[in-house]
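Asks: Dropping the structure in here first, questions after.
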Amino acid sequence: MYSIQGTSPDAMMREMDELIKELYPICRSITGNGVRQTLRIIQRQIPLVIHEVASGTQVFDWTVPKEWNIRSAYIKNVRGEKIADFADSNLHILNYSIPFKGKLTLDDLKKHIFTIPDHPDWIPYRTSYYKETWGFCLPHRKLLGMQDQEYEIFIDSSLQNGHLTYGEYYLAGETADEVLLSCHICHPSLCNDNLSGIALMVSLAKHLSQTVRRYSYRLLFIPGTIGSIAWLALNESRVSTIKHGFVIAGVGDKGHFTYKKSRRGNAEIDRVFGYILRQSSDGSQTTDFIPYGYDERQFCSPGFDLPIGCVMRTPHGQYAEYHTSADNLEFISLGSLKDSFDKCLSTLTVLDNNRTYVNQNPKCEAQLGRRGLYQSIGAQKRVGEMAMLWVLNLSDGTHSLLDIAERSGLEFSVIKKTADLLLEHDLLRVSDSR
Amino acid sequence: MYSIQGTSPDAMMREMDELIKELYPICRSITGNGVRQTLRIIQRQIPLVIHEVASGTQVFDWTVPKEWNIRSAYIKNVRGEKIADFADSNLHILNYSIPFKGKLTLDDLKKHIFTIPDHPDWIPYRTSYYKETWGFCLPHRKLLGMQDQEYEIFIDSSLQNGHLTYGEYYLAGETADEVLLSCHICHPSLCNDNLSGIALMVSLAKHLSQTVRRYSYRLLFIPGTIGSIAWLALNESRVSTIKHGFVIAGVGDKGHFTYKKSRRGNAEIDRVFGYILRQSSDGSQTTDFIPYGYDERQFCSPGFDLPIGCVMRTPHGQYAEYHTSADNLEFISLGSLKDSFDKCLSTLTVLDNNRTYVNQNPKCEAQLGRRGLYQSIGAQKRVGEMAMLWVLNLSDGTHSLLDIAERSGLEFSVIKKTADLLLEHDLLRVSDSR
Amino acid sequence: MYSIQGTSPDAMMREMDELIKELYPICRSITGNGVRQTLRIIQRQIPLVIHEVASGTQVFDWTVPKEWNIRSAYIKNVRGEKIADFADSNLHILNYSIPFKGKLTLDDLKKHIFTIPDHPDWIPYRTSYYKETWGFCLPHRKLLGMQDQEYEIFIDSSLQNGHLTYGEYYLAGETADEVLLSCHICHPSLCNDNLSGIALMVSLAKHLSQTVRRYSYRLLFIPGTIGSIAWLALNESRVSTIKHGFVIAGVGDKGHFTYKKSRRGNAEIDRVFGYILRQSSDGSQTTDFIPYGYDERQFCSPGFDLPIGCVMRTPHGQYAEYHTSADNLEFISLGSLKDSFDKCLSTLTVLDNNRTYVNQNPKCEAQLGRRGLYQSIGAQKRVGEMAMLWVLNLSDGTHSLLDIAERSGLEFSVIKKTADLLLEHDLLRVSDSR
């Protein structure tokens, strides 16, 4: 594991906590002012560029939808009491509900109400981006208590031509080869599902901005699905520079860390996460790619097939709180967030340092003794000497430092330090061309 | 498993039963009238073409032998009682015995007698195709009872220039690429070993003739070894169109189903049988190729190395009844025959449908919702939707439907139906070129 | 296992024993008269060519050192008693100690003394080839008893321009392709570590000289590290003829036999040793390559990457006696030496016979019966017939006899005999080109 450049772990955890708490009340969607407000808050911490894509823009098989905004929405009973009020929870409104005002019988209203009978106190989170309708999401217990014959419905929303908004942060490195990181910013008051990823990616961005980087890093804060599709459509020509990446999903819940492999299954990012997680021995797991999940679905579509996986803790759909009001501030843990951050950073550190070298004295061993690299009285070898023998023996342009770490059983950091030392002594040269 | 086109399972089992009972008494060999009579009976059910290859024809390292026919044969003791009579069982005569008439002492006669001491009531089945001699096969108990000093021998057979006879049934499909199926027809009154295979192949032929076929199918009813060698020698130029196939051996005994892989070990036919048998979980097994067995020995000789395996139940030589009079009508079971039929047909169905497609919207996901293929209110995905995501994600021209079924864990039939649906919606196109 | 040509196992064991006992007292080093004397003794048994490489010769990254010789050395206490005397054990002197004469205080002397506190009665073996210094190696108990304030030191050695000496024995075979065998000859009175290897290689040499050899064999008796580096530097142009090989290290201790694979890990020599050791089922093991050990470090450096492994019993460093006076005549066992010899010879025999053939009748089976190779009355096959079917089926120019042995499960010797028989009958031709 690697320490955080310039910031103490405690300070970082506090910053993630504060950011999540500030973003929690905002009603986000795949378009609209909630996303803009979210990105502006992030901009106070990292110099995001905010992009706007006009409604109606064709992006591959999709069209950027109309922009949705909402000010107010409620259901009133005959006594004028608000049964469900957007002001209490932005989950109450079916996300992307069209404007509506009128009175409905209970039977007609029920066609527009979503609940979770198994969790009668939780509000579900539902969306209808591509079918124009309206609806309310209620605790099931509330629905059971609705006995009036008629209810008053009011939805003060707008669905009009406007823009899809996303944020992009580019950190140039020594090479133009890019690592792409991405999180979704389209969920309203859900904590693990979208706020945890945003907070972790902001912390990673701050850290990466202060390090020496071989790779360039591109961090996308985008609405799920349509955001990544729009980004890929508008940036298709630059996709070939993306060499590695991962999507950051729900990384704050109390479950074990999970890395879901890219479609390729054996990309370097897959191998590095596998290496880091094997070392942690804390219940972390890697899982195979499936074409359902977060924006890796788009990055790993067959026409792109990018080496991009996805990090999360408990996979979505495997915890009951997923897409409900129970995915709240109590559901996530700062310890989990910190652990997720550490594993992502360790992986990026190995990745950035995973170079390939060529031994400059490939025929027989170099005489390390006369360079002061080896003890002079023959006896058993120390770890540092074994690392030198391994790096020199396998550095033939076909083995990366990770290959050498795995084959030798020595830690990557030891192998990396050894390669640096041998490079200083002109015993290696870089050969990343493979 | 797939249902039988046009015929009820019961009717099919009855037909197999009747065919086996009709063929059982006939004295077949690698040449001669027994084979002709067998093929003519099969011709009543499927329009076989019967081929005759002249004795003396050179077929690779072999020569088509003289034609053998037999009318009568017996051993008489001094009291004129027939100790062994061809009329009682055609197994009594060493197959391909030359004509003989004369009296022999018991000691001299014994050199021409074959028995099975471990099974004293069974008659062994023995042949001498390429060494001109004569002999009798007896229950060992009968041999023990022979006390006379002299016996009268009579064998009314003929071994003369004539023909080797085989049957061929060709079913044209959408493409000229062929699936080759083959069974041997050279054994006299043995049930599992040759009649079960003949009956199963006739049923498959009737079924295949009534289905839409991507592949063309060639079904060979041939004498073992010399028949396949002759067929390959005479059809060498068309062998390159054979893309898959299997030999049908003893498929009626009560043991578990066995698929013996082709020499290649990883041919598509090997993979499909492996897939079908893993699904059945009933003790079925695949075994590796060995160069001993049935006509896969010839099809898989190194100069051809065809992707042709072999189906059977208990492997030959692993049951005591093999090549004895105990391989009779009681030894086989209609249930086993039906199960063998089902597994062969399921395999052929998967094989015929195992196409490869290319996603027509490879960059990011297609918008399934606006095509009515996806539910509009976001929630957990159903099996059908997961199948669509898998087929679209992996259809890049390098993954067949079987690859997709195996990787997704979804059933082949679900994957196939999904591909058909996506094809209708122009989301896929066929790409079998790999 | 294969018997020893011309010599009984007992005679061979006696010869190995005598050679080790004769060589044991000699003070060897990486240069000097001890090595010359050792090679001359070996020359009495096999016609070694002795090479001398001048001090100062540049060999890759190294320089051939000055030649070291020693006549006498001791430490005397104030009473004139010799505390440590080279005449008692040549391990007492730090190998390559420069001449020295003088009186030192105990504290200053201690900087030049090496002991093993955990084994207080053993003398350690230490060297200082590339740093000019002097030292003594003592039983730790002796050091503890040293109470005088001053000691007299005398080292009558020389370190001057001279030569590095090694022996080479070349046995021409049918082809110029070589098997390289190598052992180190640079250790003074150590038995397992260098004398066991020398004795085993002499016995192998005597045996190989009396056999028909497909390969040519080159046997090197060289000082460790600098010897192999010098040989590779001086023979670089002929390295491409080396097709297989192994280094012979400590092969006489009572542990199990170990084969350490070449850097490639899947070279033919690795596969053959693996095959032989799997068959022995006696605790023998193969281990993966690591870049530390004996001269395989040089042969497997990335610029050569030769298919050369290393044989030993207990790996060095895994037994306490390693590089101490306890690696003496009692430490090794003639039974272990004999077992090591057998496994090396079995491996060389398989290797030499592991040819690849092409079936001359590749289309369908050859008719073995008319060649008298097959029983004529059809029944179950015998081992010899199965071996014929396997060899003919897999002999397509891509499967060696070892491939066929492994795939068929039949013994290599059976497969080899079968191939010879088929070759006689013109059913195979040699095809070693792969």
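Asks: Just to be sure, is C:T115 modelled with pLDDT of 95 or more and within 14 Å of chain A (Cβ to nearest Cβ)?
Replies: Considered against the rule, which asks whether it is modelled with pLDDT of 95 or more and within 14 Å of chain A (Cβ to nearest Cβ), C:T115 comes out as yes.
Asks: Give the range A:154-175 a look and list any residue that's in a strand (DSSP E or B), of a type in the set (G, A, S) and surrounded by fewer than 18 Cβ atoms within 10 Å (Cβ to Cβ), or say none. Break it down into steps so the answer makes sense when it comes.
Replies: First, the residues of the range A:154-175 that are in a strand (DSSP E or B): A:154-160, A:163-171.
With the extra rule that they be of a type in the set (G, A, S), the set shrinks to A:157-158, A:167.
Answer for the range A:154-175, where residues must be in a strand (DSSP E or B), of a type in the set (G, A, S) and surrounded by fewer than 18 Cβ atoms within 10 Å (Cβ to Cβ): just A:S158.
Asks: Within the range C:330-337, identify whether any single residue is more than 14 Å from chain A (Cβ to nearest Cβ), acidic (D, E) and buried (at least 19 other Cβ atoms within 10 Å of the Cβ), and answer yes or no.
Replies: The answer is no, given that none of the residues of the range C:330-337 is more than 14 Å from chain A (Cβ to nearest Cβ), acidic (D, E) and buried (at least 19 other Cβ atoms within 10 Å of the Cβ).
One line per residue, one yes/no per condition, for (1) surrounded by fewer than 19 Cβ atoms within 10 Å (Cβ to Cβ); (2) closer than 18 Å to B:G197 by Cα:
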position: B:F289; (1), (2): no, no
position: B:G303; (1), (2): yes, no
position: B:P307; (1), (2): no, no
position: B:M312; (1), (2): no, yes
position: B:G317; (1), (2): yes, yes
position: B:T324; (1), (2): no, yes
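Asks: Can you say whether B:N393 is modelled with pLDDT of 95 or more, away from chain A (no Cβ under 14 Å) and either over 41 Å from the mean Cα position of the chain (by Cα) or surrounded by 15 or more Cβ atoms within 10 Å (Cβ to Cβ) (or both), as far as the supplied structure shows?
Replies: Taking the combined requirement at face value, the residue does not satisfy it.
Asks: Please tell me if C:R278 is without any contact (Cβ under 8 Å) to a residue 60 or more places away in the chain and either of a type outside the set (V, I, T) or assigned to a helix (DSSP H, G or I) (or both).
Replies: So C:R278 fits the description; yes.
Asks: Go through (1) within 14 Å of chain A (Cβ to nearest Cβ); (2) in a helix (DSSP H, G or I) one by one and return the number of the condition C:Y292 breaks.
Replies: If we test C:Y292 against (1) within 14 Å of chain A (Cβ to nearest Cβ); (2) in a helix (DSSP H, G or I), just (2) comes out false.
Asks: Quickly run through the range B:127-141 and pick out the residues that are facing chain C (nearest Cβ under 9 Å) and without any contact (Cβ under 8 Å) to a residue 60 or more places away in the chain.
Replies: Residues satisfying the conditions are B:S128, B:K131, B:T133, B:G135.
Asks: Could you tell me which numbered condition C:D148 fails, if it satisfies all but one of (1) loosely packed, with under 14 Cβ neighbours inside 10 Å; (2) charged (D, E, K, R); (3) assigned to a loop (DSSP other than H, G, I, E, B)?
Replies: Unmet for C:D148, out of (1) loosely packed, with under 14 Cβ neighbours inside 10 Å; (2) charged (D, E, K, R); (3) assigned to a loop (DSSP other than H, G, I, E, B): (1).
Asks: A follow-up question, please. For the range C:338-376, give me each residue that is more than 10 Å from chain B (Cβ to nearest Cβ) and β-branched (V, I, T).
Replies: C:T347, C:T349, C:V350, C:T356
Asks: Any chance the range C:107-123 includes a residue that's under 27 Å from the mean Cα position of the chain (by Cα) and crowded, with 20+ Cβ neighbours inside 10 Å?
Replies: Yes: the range C:107-123 contains one or more residues that are under 27 Å from the mean Cα position of the chain (by Cα) and crowded, with 20+ Cβ neighbours inside 10 Å.
Asks: Among the residues of the range B:398-421, how many are under 16 Å from B:P362 (Cβ atoms), within 13 Å of chain A (Cβ to nearest Cβ) and buried (at least 16 other Cβ atoms within 10 Å of the Cβ)?
Replies: So the count comes out to 2.
Asks: Go through the range C:216-236 and give me each residue that's of a type outside the set (V, I, T), surrounded by fewer than 22 Cβ atoms within 10 Å (Cβ to Cβ) and within 26 Å of C:L337 (Cα to Cα).
Replies: C:S216, C:R218
Asks: Take B:K343 and decide whether it is surrounded by 18 or more Cβ atoms within 10 Å (Cβ to Cβ) and within 30 Å of the chain's Cα centre (by Cα).
Replies: Values: surrounded by 18 or more Cβ atoms within 10 Å (Cβ to Cβ): yes; within 30 Å of the chain's Cα centre (by Cα): yes.
Yes, satisfied.
Asks: Still on this model: Might you let me know whether the range A:29-38 holds any residue that is within 14 Å of chain B (Cβ to nearest Cβ), touching a helix residue (DSSP H, G or I) at 6+ places or on another chain (Cβ under 6 Å) and not in a helix (DSSP H, G or I)?
Replies: Yes, some residue in the range A:29-38 is within 14 Å of chain B (Cβ to nearest Cβ), touching a helix residue (DSSP H, G or I) at 6+ places or on another chain (Cβ under 6 Å) and not in a helix (DSSP H, G or I).
Asks: The conditions are (1) in contact with a strand residue (DSSP E or B) (Cβ under 6 Å, 6 or more places away or on another chain); (2) farther than 19 Å from A:L200 by Cβ, and A:M146 fails exactly one of them. Which is it?
Replies: (1)
Asks: Any idea which of B:S280, B:S325 is more than 14 Å from chain C (Cβ to nearest Cβ), closer than 23 Å to B:Y125 by Cα and not basic (K, R)?
Replies: B:S325
The values are calculated or read from the model by the stated rules, or taken from the named source; none is laboratory data. Source: prediction; values computed, not measured. Because the Cβ atoms are built from the backbone with ideal geometry, glycine has one as well, and the counts that use them run over all protein chains shown.
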